[in-house]
Amino acid sequence: MAAKVRPLIAGNWKMNGLKSSALREVKKLAGRMHKAGRTGCDVLLCPPVPLLAPLRVVVKGSRIALGGQDCHAAANGAHTGDISAEMLADAGCGYVIVGHSERRADHGESSRDVRAKAKAVHRAGLRAIICVGETGAERKRGQTLGVIGKQLTDSLPKGCTAENTVVAYEPVWAIGTGLTPTVDDVAQVHAFIRARLQRRFREHAQGMRLLYGGSVKASNAVELMAVANVNGALVGGASLTAGDFWPIVKTCI
Ligand code: PEP
């Protein structure tokens, strides 16, 4: 029987947002959460790095956590333009996304790189949100589970627990396209991921949160969040405004 897992609704802002609009939207979101009282889920925003400091002030006292969108595997050093997990912890982050398909595709990150980054996130005492997902071509060729199985094996480091690791299933073809898999497809992949985690991480696997990501919006959140083994969502475009994100968060109240 599946364990009761507290869902996580996470927003990935990617390279979007300037200070004034970001402050306005997050204040609105915090206000709506405050008015609603207790939320039955954890809420996370992963803005661009320059927004972490101003948003840290706004989310103080709210139940919104902050996270990074990526990190370097090293704690410090000669890596121009990069940022370490320790720096993100220092900036008030509780989570770091690693292995997002845009990092894998645009920056040539392999699952081995992702594993090193996830290890760094754990080293810094943060939670890693490790992304996996097949491309449209891989799905058409019937390779979905094979691709995801390999990504899980290669991207997750030793020592993953329910406390330090979240896995996000994000079909690449569903990201930013308005397309989503059927609920049966999501159920199949999430059951597969749970079984793989169980095999490797034993008792830790049942409590690990498995997020679905890819064109989640208010109109499909209820049915996606109701799928077995879906313990929340990783949301891109619809996390940028309180008006779009709040109805998704509300599905977990
Ligand atoms: C994402 O990039 O993680 C994502 C899920 O994007 P979107 O919700 O816009 O499809």
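Summary table below
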item: Residues located in region 1-37, provided they are within 16 Å of the ligand (Cβ to nearest atom), open to solvent by less than 90 Å² (accessible area, probe 1.4 Å) and not in a helix (DSSP H, G or I); result: PRO7, LEU8, ILE9, ALA10, GLY11, ASN12, TRP13, LYS14, ASN16, GLY17
item: Filtered residues of region 177-192 (kept if more than 16 Å from the ligand (Cβ to nearest atom) and either within 17 Å of the chain's Cα centre (by Cα) or hydroxyl-bearing (Ser, Thr, Tyr) (or both)); result: THR182
item: When residues of region 155-176 are limited to those that are out of contact with any strand residue (DSSP E or B) (no Cβ under 7 Å at 6 or more places or on another chain) and open to solvent by less than 10 Å² (accessible area, probe 1.4 Å), the one farthest from SER111 (Cα to Cα); result: ALA174
item: The lone exception for GLY40 - which of (1) in contact (Cβ under 8 Å) with a residue 60 or more places away in the chain; (2) closer than 29 Å to GLN151 by Cα; (3) open to solvent by 10 Å² or more (accessible area, probe 1.4 Å); (4) not in a helix (DSSP H, G or I) it fails; result: (2)
item: Residue list for region 212-232, filter: away from the ligand (no atom under 15 Å from the Cβ) and open to solvent by 60 Å² or more (accessible area, probe 1.4 Å); result: VAL222, GLU223, ALA226, ALA228
item: Candidate set: region 78-100, residues that are within 16 Å of the ligand (Cβ to nearest atom) and assigned to a strand (DSSP E or B); chosen: the one surrounded by the fewest Cβ atoms within 10 Å (Cβ to Cβ); result: TYR95
item: Any hit, region 121-141, residues being under 26 Å from PRO181 (Cα atoms), out of contact with any helix residue (DSSP H, G or I) (no Cβ under 8 Å at 6 or more places or on another chain) and open to solvent by less than 40 Å² (accessible area, probe 1.4 Å); result: yes
item: Odd one out for GLY67, checked against (1) in a helix (DSSP H, G or I); (2) surrounded by 22 or more Cβ atoms within 10 Å (Cβ to Cβ); (3) not basic (Lys, Arg); result: (1)
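Each row is one residue, and each column tells you yes or no for (1) part of a helix (DSSP H, G or I); (2) within 15 Å of the ligand (Cβ to nearest atom); (3) surrounded by 18 or more Cβ atoms within 10 Å (Cβ to Cβ); (4) not β-branched (Val, Ile, Thr).
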{"residue": "PHE201", "(1), (2), (3), (4)": "yes, no, yes, yes"}
{"residue": "LEU210", "(1), (2), (3), (4)": "no, yes, yes, yes"}
{"residue": "ALA238", "(1), (2), (3), (4)": "yes, yes, yes, yes"}
{"residue": "PRO247", "(1), (2), (3), (4)": "yes, yes, no, yes"}
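The values are calculated or read from the model by the stated rules, or taken from the named source; none is laboratory data. Given the structure is predicted, the values throughout are model-derived calculations rather than measurements. All Cβ positions, glycine included, derive from the backbone under ideal geometry; neighbour counts span all protein chains shown. In case anyone asks, the SASA skips ligands and DNA or RNA and just uses the protein heavy atoms, side chains included. Shrake-Rupley method; radii C 1.70, N 1.55, O 1.52, S 1.80 Å.
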